[in-house]
Amino acid sequence: MSDIHELSALALAAAVRSGELAPDDVVEHTLDRAERLGPAVGAFAHLTPDLAREQAAAATRRLRDGGELPPFLGVPVPVKDLAMVAGQPFEAGSAALRGYVAPADDGVTVRLREAGTLMVGKTTTPELGLPSYTEPDVAPPARSPWDPRRSAGGSSGGAAAAVAAGIVPAAHASDGGGSIRIPAAACGLVGLKPSRGRVSKGPRGVDGAGLTVDGVVTRTVRDTAAFLDVLSEPWPGDHYLLPGPRTSFLAACGHPPRELRIGVLTRPINVHEAPVHETSLAAVDRAVRLLEDMGHAVTTTRVPFSPEEWNAFNPLWAVGALSAPVPPEAEELLVPLTRWMREQGRRYSGVDYATAVAAVQRLARSAAEVWRDLDVVLTPALATPAPFIGGMRDDADPAADFEAQKAFTPWTSPWNMLGAPAITIPLHRAEVDGVTLPVGVQLGATRLGDEELLLGLAAALEEADPWPTDPVEPA
């Protein structure tokens with residue numbers, strides 16, 4: 001058998017069920033790697049060894065007692081420090097929330113616990129999950145194991161670093177403007193942003209503008225699909241509700257869709273003519289060749305709305321930052337970008353916010369009209385390789401910081417506005433500054449609820465042109 005850390009989540013779960021691996025051995029192996037490798041890549045804000053060992057002991061009892069077992073019994077899956085785990089630190093990457101302990105589990109935490117996972121820690125996130133890099137003041141920056149000089153992306157940067165470094169096979173993540181897909185691309189992983197309404201916020205959560213959704217980062221498409229089966233279980237009172245898969249999302253990976261109409265878009269959406277690196281374009285070219293070989297109809301397509309129209313997103317993002325429950329006396333502890341965004345939020349009236357919600361809905365309809373003859377839109381995942389640590393964060397000029405983030409990620413946030421699912425896969429590799437880096441592409445569905453189509457397509461690409469799934473140990 002491969003080492004524990006080399007197994008996919010599904011393979012590890014199978015080994016635990018069969019008795020080849022004991023949950024206690026899995027948790028000790030994982031905690032050892034988390035303690036040794038985690039600091040080098042800034043993966044964890046907090047480790048939770050006592051909780052993980054308690055859950056491993058409970059998993060052992062379930063195995064001994066027999067009966068039906070949950071799908072990921074004994075599999076270590078940390079939770080991003082933007083979701084609450086009862087009795088554990090919940091600081092959201094912010095000095096303003098330092099020392100806060102979560103009073104209850106969030107919905108996604110409940111679903112992961114029901115699935116039998118072991119909660120080994122809270123992964124690093126930037127303050128309030130706002131930027132596309134993970135460099136909080138309260139924890140080490142999240143680094144790509146492929147090149148620790150570079151950012152792991154954000155805001156699920158710690159989650160991606162933990163998976164890419166082979167500490168865990170999967171990690172909880174969340175995405176309000178690209179925060180699953182950006183770090184997945186930066187770290188050579190699979191990152192699916194589910195449809196709006198696919199993954200419930202749970203009984204304590206609210207959907208608000210409907211931009212943010214929970215998911216995971218993994219090394220394989222099938223692991224991602226299997227976790228979507230877990231996380232998409234609805235809760236009573238859900239504001240949004242989508243029909244479930246025909247059988248399961250995992251089963252969809254074995255049924256590649258035929259003769260899709262795929263549009264290629266390499267022009268940035270949210271900014272005017274941002275530079276697109278040659279490696280990002282090469283990744284798209286590679287995907288096009290594979291898709292055409294599979295029999296899909298691939299054509300170029302156009303940007304569905306202008307950067308000026310995209311600015312309707314700004315009030316929603318800024319008011320979201322302002323809505324974070326930061327004590328007034330702790331406001332000065334926030335990083336400059338967060339303070340700047342919250343100040344933007346204070347300038348918007350209730351009418352401004354309502355107008356922004358309506359504008360985003362109109363943009364979704366506009367995109368649906370432009371792409372009505374397409375099933376999927378193929379774009380680069382990122383415009384450029386991930387920046388070096390400190391290369392994008394600009395405390396002296398938060399507005400410039402925000403613009404740099406937009407140029408780095410010009411294709412992710414539109415799918416949060418549209419609500420349709422989008423997935424990034426690490427299809428390409430390229431040498432940059434003497435180091436081999438993963439280079440991802442994004443496959444964005446044009447219709448809400450098309451996760452099965454995306455997962456089937458991504459799994460077919462993974463089979464046709466496999467990417468490395470072995471952990472990348474940080475230097």
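Data table
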| read-out | value |
| --- | --- |
| Whole-number accessible area per residue in Å² for the stretch 137-274, which is evaluated in the context of all protein chains at 1.4 Å | 32 Å² |
| DSSP bridge pairs, the chain: antiparallel proportion in percent, nearest 5 | 75 percent |
| Within-15-Å neighbourhood charge of Ile389 [Cβ basis; K, R +1; D, E -1] | -3 |
| Tensor-based shape of the stretch 184-313 (alpha-carbon gyration tensor, a/c under 1.5 rounded, otherwise prolate or oblate) | oblate |
| The stretch 223-293 - percent of accessible surface contributed by carbon and sulfur, probe 1.4 Å | 51 percent |
| Packing-based order for 114-127, 183-196, 200-213, using average beta carbon neighbours within 10 Å, highest first | 183-196, 114-127, 200-213 |
| Rounded if a/c under 1.5, otherwise prolate or oblate - the chain, Cα gyration tensor axes | rounded |
| Rounded, prolate or oblate (a/c below 1.5 giving rounded, otherwise prolate when a/b exceeds b/c) for the stretch 299-379 by Cα gyration tensor | prolate |
| 10 Å binning of all Cα-Cα separations within the stretch 99-254, expressed as whole percents from 0 upward | 12, 40, 37, 10, 1 |
| Surface share of carbon and sulfur [accessible, 1.4 angstrom probe, percent] for the stretch 1-136 | 48 percent |
| Of all accessible heavy-atom area on the stretch 312-447, the percent that carbon and sulfur account for (1.4 Å) | 53 percent |
| Ellipticity estimate at 222 nm from DSSP helix runs (n ≥ 4, -39,500 (n - 2.57)) divided over the chain, nearest 500 | -11500 deg cm²/dmol |
| Cα centroid separation - the stretch 253-274 against the stretch 440-475, whole Å | 13 Å |
| Highest-first arrangement of 350-360, 150-160, 248-258, where packing means the average Cβ count within 10 Å | 150-160, 248-258, 350-360 |
| The stretch 188-247: translational diffusion in µm²/s, Stokes-Einstein, Kirkwood Rh over Cα pairs, 4 °C, 1.567 mPa s | 106 µm²/s |
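The values are calculated or read from the model by the stated rules, or taken from the named source; none is laboratory data. Computed from a prediction, not measured in an experiment: that's the story for all the values here. Cβ coordinates were reconstructed from backbone atoms using ideal geometry, including for glycine residues, and neighbour counts include every protein chain displayed. In case anyone asks, the SASA skips ligands and DNA or RNA and just uses the protein heavy atoms, side chains included. Shrake-Rupley method; radii C 1.70, N 1.55, O 1.52, S 1.80 Å.
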